[in-house]
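Since the structure comes first, as structure tokens, the remarks are kept for the end.
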Amino acid sequence: MIPDVETALTVSFQVKLDDQDLGEFYSCEGLGCEVVMETRDEGGNNGFTWQLPTKLKFSNIRLTRPLGKDTEKVAQWFASMQTGYQRRTATIVAMRADGKPIATWGLLDVVPVRWSGPSLSADQSKVVTETVEIAHHGFIGNGGA
């Protein structure tokens, strides 16, 4: 049986914070988590070490896209940090070219970490992009694919 390869090809990632739509991004890196392990040597048995899971660690997520009308939404989100901030939930939806969702990730307690804009140069003609980095404290909902 040949797998349905079409569902694995994504073109964009729709990002929302609670009820605020941040728009579409064309690159999403860092979706993942890691179990932090603690090692303990067993006394009296020099040939054995216990591997104990302690906690989950979530990596920061980097989203990239060309500059556009939605860039202002990200700027407003970062500007809101100056007057205090409430953690928010977010969703990232991977979508095919026809707009059909492939997978959805819910993120708990999202915090903006970094925004980087384009490097502008008059002697280069290329698409100007922005990158947004966010931190989160875990997955919610169905957790993804």
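The values are calculated or read from the model by the stated rules, or taken from the named source; none is laboratory data. Keep in mind that what you see is a predicted model, and the values were worked out from it rather than measured. Backbone-built Cβ (ideal geometry, glycine too); neighbour counts: all protein chains shown.
Residue-level check: of (1) on the phi > 0 side of the Ramachandran plot; (2) modelled with pLDDT under 90, SER125 misses just (1).
Restrict the check to segment 62-71 and report whether at least one residue is modelled with pLDDT of 95 or more, surrounded by 10 or more Cβ atoms within 10 Å (Cβ to Cβ) and closer than 14 Å to ALA135 by Cβ. Yes - at least one qualifying residue is present in segment 62-71.
Look through segment 81-122, keep the residues that are among the small types (Gly, Ala, Ser) and modelled with pLDDT of 90 or more, and return whichever of them is farthest from VAL11 (Cα to Cα).
Applying the filter and picking the extreme gives SER116.
Scanning segment 86-106 for residues that are aliphatic (A, V, I, L, M) and either farther than 17 Å from LYS73 by Cβ or free of Cβ contacts under 8 Å to residues at least 40 places away in the same chain (or both) returns ALA94, MET95, ALA97, ILE102, ALA103.
Being part of a loop (DSSP other than H, G, I, E, B), aliphatic (A, V, I, L, M) and under 16 Å from ARG65 (Cβ atoms) is the filter here, so list the residues in segment 92-125 that pass it. Break it down into steps so the answer makes sense when it comes.
Within segment 92-125, the subset part of a loop (DSSP other than H, G, I, E, B) is 96-100, 117-125.
From the residues that got through so far, the ones that are aliphatic (A, V, I, L, M) too are 97, 120, 122.
Matches in segment 92-125: ALA97 only.
Filtering segment 116-132 to residues that are in contact (Cβ under 8 Å) with a residue 12 or more places away in the chain and surrounded by fewer than 16 Cβ atoms within 10 Å (Cβ to Cβ) leaves SER116, GLY117, PRO118, VAL127, VAL128. Across segment 44-59, the qualifying residues are those that are at pLDDT below 95 and aromatic (Phe, Trp, Tyr), and the one among them that is farthest from LEU107 (Cα to Cα) is PHE48.
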